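No lab work stands behind these numbers, since they all come straight from the coordinates. Just so it is clear, the structure is predicted and the values come from calculations on it, not from any experiment. FYI the Cβ positions are ideal-geometry reconstructions off the backbone, even for glycines, and counts take in every protein chain you see.
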Amino acid sequence: MAYKTNRLKSRIIEKFGDQKTFAEQAGISRSKVCRLLKGETEWSGAEMYHTIKLLDIPYDEIEAYFFDHAVSKSKPQKV
């Protein structure tokens, strides 16, 4: 399932200035951060927890940052 990551990307830029600095502070490789934000790799629980703490994401907003479903661009198939 694909998720929107625009809000998460914006928060990273707001707090760290760029993804490279965030990756360094999070202890995640820059390439993995890119894959995570593109939805090519799933977040581990530890990575997500650490990211929430680094970005000061309020508990009641976690879903909006990590689990906001992306709308599929493909057309539905007729049965």
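Distance between the modelled labels on S10 and Y59, one decimal in nanometres: 2.5 nm (7 Å Cα→Cβ projection).
Give the shape of segment 6-64 as rounded, prolate or oblate, defined through the alpha-carbon gyration tensor: a ≥ b ≥ c are the square roots of its eigenvalues, a/c under 1.5 means rounded, and otherwise the shape is prolate if a/b is larger than b/c and oblate if not. Since a/c stays below 1.5, the shape of segment 6-64 is classed as rounded.
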